[in-house]
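Nothing in this text is a laboratory measurement; each read-out follows from the coordinates by a stated rule. Nothing here was measured: the structure is a model prediction, and the numbers come from that model. Here the Cβ positions follow ideal geometry from the backbone for every residue, glycine too, while neighbour counts run over all protein chains shown.
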Amino acid sequence: MITLNSEETTHSRSFQAKRISCSYKEKIRASSKHIFPLLCPIQEYKWIDRWQCEMVYSVSGVAENNCIFKEDKTGSLLFNSVVSTYWVVSLYDPDNFRIQFVLATSGIMIAKINAEINAVDDDTSSVDWMFTITPMNEEANRVIGTGTEKKAKLYLTIIGKSLKHYCEKGELLKLDKASILKMGLSAGIVELLKAHVK
């Protein structure tokens, strides 16, 4: 289930940022203990097709509190801008299966992704995501309309379906056109992803 709303927040008298928040829930046949370690920039190479990142800071080498990494896909997908996005792990709670990332795309947006895993039964879990995006200038404000809302929803859907596929099938979900259509997503989604899908 996806819910979406837009709100406006006044940051100053001269600039009023628009904010997008969307949520997504995916039920996965796997335990919370199995799923949680996969929410890590290094582990994501196993289950996110064409994932690439650079670890900037991590004592352990994997996800941890205050870990920082960067990647170049988010800005391109959401804002059609080739720019790096820096991710900071602002909450890392393996005991309660919760993680939070703050994303900063230089001069374009600051965003936050929350993920929480809850047990449904012994071998099934529900993963809840919340994605909040706030543009940081007038140009970004202008392009954060319906198109960006759709892309934010798509972003969470692809992440959720990819994680589900890996946990249940033990293999990477290839993000080709056929796979996207099999997910139940429309041909229009393929157009949104055309820069990212072979």
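Observations
- Spacing of the modelled spin labels on Arg142 and Phe15, each 7 Å from Cα toward Cβ, amounts to 1.5 nm.
- Partner aspartates and glutamates for Lys174 [C-alpha distance under 16 Å; skip if fewer than 8 residues away on the same chain]: Glu44, Asp49
- The chain, helix-only ellipticity at 222 nm - DSSP H runs n ≥ 4, -39,500 (n - 2.57), divided by all residues, nearest 500: -7000 deg cm²/dmol
- Part-to-part distance (alpha-carbon centres) for the range 35-55 and the range 158-182, which is given in Å: 14 Å
- Normalising the average separation of contacting C-alpha pairs (under 8 angstrom, six or more residues apart) by the number of residues puts the relative contact order of the range 2-192 at 25 percent.
- Sites listed here are trypsin sites (Lys or Arg not before Pro) in the range 22-100 whose DSSP assignment is loop and whose Cβ has at most 14 other Cβ atoms within 10 Å: Arg29, Arg50.
- Pairs beyond 23 Å (Cα-Cα), from Lys27/Lys182; Lys153/Lys182; Lys25/Lys46; Lys151/Lys177; Lys70/Lys169; Lys46/Lys161: Lys70/Lys169
- 0 to 90° range, to nearest 10: angle between helix 146-169 axis and the chain longest Cα axis: 10 degrees
- Answer label, with Cα extents along the principal axes in Å calculated from the coordinates and candidates [x] 63, 22, 22; [y] 52, 40, 29; [z] 57, 34, 29: [y]
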